[in-house]
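**Student:** Below is one structure. I have some questions about it.
The values are calculated or read from the model by the stated rules, or taken from the named source; none is laboratory data. None of these values were measured; they are calculated from a predicted model. Please note: Cβ atoms are built from the backbone with ideal geometry, for glycine as well, and neighbour counts cover all protein chains shown. The area values use the complete protein model at the heavy-atom level, side chains included, leaving out ligands, DNA and RNA. Shrake-Rupley method; radii C 1.70, N 1.55, O 1.52, S 1.80 Å.
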Amino acid sequence: KSMKYSIRLATVLAFTLALAGAAAAQQVTVDPSIPAYTATKGVSGSLKSVGSDTMNNEMTLWAEGFKGLYPNVQVEVEGKGSSTAPPALVQGAAQFGPMSRPMKDAEIADFKSAFGYEPTAVATSIDMLAVFVHKDNPIARLSLKELDGIFSKTRASGVDNIVTWGDLGLTGEWADKPISLYGRNSASGTYGYFKDNALGKGDFKDTVKEQPGSSAVVQAVASDRYGIGYSGIGYKTADVRAVPLAKTPPAKAIEATVENAYNGQYPLSRFLLLYVNRKPGESLDPLRKEFLQYVLSRQGQETVVKDGYFPLTPALRTKQIQAAGLN
């Protein structure tokens, strides 16, 4: 079912977001019709979030904003990778499991075996997985097929092995320079998403230097003139450049801009998800319910923008409210 769910997410991104694409501006703002959050009474206790490193900053900022409204609430955030979220939820070690990819079939099966029903996924924001190079790198564009040749040793797309910047058409000092590869480890949802969507589920080259977090990937590329790496767009700095990407070599390369996040054209767009254990037909306890309400509120979505990601449209927000049984 996770494959069907992944396809469903992609469909929503490509079509539901396309409705907002025409109105999307380069300045990212939260739709004014999304209501502000108002604190309520009787909310206290402790929450723990275990999962995505990509969402670590978002979760921390949401937690700080929520605790500002509820001083008696404690929120602990641990971001070591999306694959740590499902077991934490199954074991009851966390109330929220942030993930930068949908759960896999086996992860859903483990959860269902423990509880008798599937976990609830709430889309909180939209990310574009960017391919970063050093700011001085003149590469104008890359296709997903070329990314397969750069990063994968199996090269499922049938592309030739790409090892130097000259293999990508760069000349002069760049022509003979080996491409330095930076990525994430297998616990990361970003690793899994890139593997599935850019490498055709192929295996990464052994020369990829795995980094402990998204910011570490960007920092590594920023300090390596001949480096390339992938990370969420929210981690972009002035020392790196996000390369426009094309689905196929002859196709138009799409820049990682807000407009292209909303119109569905950017090839590596994805939802950032919060998984929660909710029994079908039952409401969440007040603490988890109010936290999710906060995340999906105007303040919560303004946090999304602050962290460099893209907020939900009103239509998408309504779908998440329904999915989590918050209405």
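**Student:** Filter segment 215-244 down to the residues that are assigned to a loop (DSSP other than H, G, I, E, B) and among the basic types (Lys, Arg) and list them by number.
**Tutor:** 225, 236
**Student:** Among the residues that make up segment 103-121, is at least one of them open to solvent by less than 10 Å² (accessible area, probe 1.4 Å) and in a helix (DSSP H, G or I)?
**Tutor:** Yes, some residue in segment 103-121 is open to solvent by less than 10 Å² (accessible area, probe 1.4 Å) and in a helix (DSSP H, G or I).
**Student:** With respect to residue 229, determine if the residue is under 23 Å from residue 312 (Cα atoms) and open to solvent by less than 30 Å² (accessible area, probe 1.4 Å).
**Tutor:** Here the answer is no, as residue 229 does not meet what is asked.
**Student:** While we're looking at this one, here's another question. Restricting to segment 143-173, what's the tally of residues that are more than 16 Å from residue 195 (Cα to Cα) and not polar (S, T, N, Q)?
**Tutor:** Number satisfying all stated conditions: 11.
**Student:** Restricting to segment 128-153, name every residue that is touching a strand residue (DSSP E or B) at 6+ places or on another chain (Cβ under 9 Å) and surrounded by fewer than 18 Cβ atoms within 10 Å (Cβ to Cβ).
**Tutor:** 135, 136, 141, 153
**Student:** Can I ask one more? Just one of the numbered conditions (1) farther than 26 Å from residue 186 by Cα; (2) charged (D, E, K, R); (3) open to solvent by less than 10 Å² (accessible area, probe 1.4 Å) is not true of residue 67; which one?
**Tutor:** All conditions pass for residue 67, except number (3).
**Student:** Hey, can you tell me all the residues within segment 259-300 that are among the small types (Gly, Ala, Ser) and either touching a His at 6+ places or on another chain (Cβ under 8 Å) or modelled with pLDDT under 95 (or both)?
**Tutor:** 261, 264, 269, 281, 283
**Student:** Give me a count of the residues in segment 82-100 that are assigned to a helix (DSSP H, G or I) and either within 17 Å of the chain's Cα centre (by Cα) or farther than 22 Å from residue 58 by Cβ (or both).
**Tutor:** Within segment 82-100, residues that are assigned to a helix (DSSP H, G or I) and either within 17 Å of the chain's Cα centre (by Cα) or farther than 22 Å from residue 58 by Cβ (or both) number 7.
**Student:** Here are the criteria: (1) more than 17 Å from residue 197 (Cβ to Cβ); (2) modelled with pLDDT of 95 or more; (3) within 15 Å of the chain's Cα centre (by Cα). Tell me which single one residue 103 does not satisfy.
**Tutor:** All conditions pass for residue 103, except number (1).
**Student:** Sort through 238, 256 and tell me the only one that's surrounded by fewer than 17 Cβ atoms within 10 Å (Cβ to Cβ) and in contact (Cβ under 8 Å) with a residue 40 or more places away in the chain.
**Tutor:** It is 238.
**Student:** Pick out the one residue from 193, 230, 262 that is aromatic (Phe, Trp, Tyr) and over 26 Å from residue 78 (Cα atoms).
**Tutor:** Matching residue, one of 193, 230, 262: 262.
**Student:** Within the set of pairs 6+ apart or on separate chains, which have a first residue in segment 207-227 that is closer than 22 Å to residue 139 by Cα, a second that is open to solvent by 50 Å² or more (accessible area, probe 1.4 Å), and C-beta atoms under 6 Å apart?
**Tutor:** Partner pairs satisfying both residue conditions: 218/237; 222/239; 226/177.
**Student:** Cβ contacts < 9 Å: first residue within 10 Å of residue 45 (Cα to Cα) and part of a loop (DSSP other than H, G, I, E, B), restricted to segment 69-81; second residue of a type in the set (Asp, Glu) and modelled with pLDDT of 95 or more, any location; separation 6+ or different chain. Result?
**Tutor:** Listed pairs, sorted by first residue: 70/290.
**Student:** Something else: Just checking, which of 192, 183 is modelled with pLDDT under 95 and open to solvent by less than 20 Å² (accessible area, probe 1.4 Å)?
**Tutor:** Only one candidate passes the filter, namely 192.
**Student:** While we're looking at this one, here's another question. Filter segment 47-68 down to residues that are small (Gly, Ala, Ser) and in contact (Cβ under 8 Å) with a residue 40 or more places away in the chain, then give me how many there are.
**Tutor:** 4
**Student:** Please determine, by comparing only the residues of segment 282-327 that are β-branched (Val, Ile, Thr) and not in a loop (DSSP other than H, G, I, E, B), which one is most open to solvent (accessible area, probe 1.4 Å).
**Tutor:** Taking the candidates together, the pick is 318.
**Student:** Do we have residue 211 as within 18 Å of residue 30 (Cβ to Cβ) and under 17 Å from the mean Cα position of the chain (by Cα) here?
**Tutor:** no
**Student:** Given the criteria modelled with pLDDT of 95 or more and out of contact with any Gly (no Cβ under 7 Å at 6 or more places or on another chain), does residue 256 qualify?
**Tutor:** Spelling it out, it is not the case that residue 256 is modelled with pLDDT of 95 or more and out of contact with any Gly (no Cβ under 7 Å at 6 or more places or on another chain).
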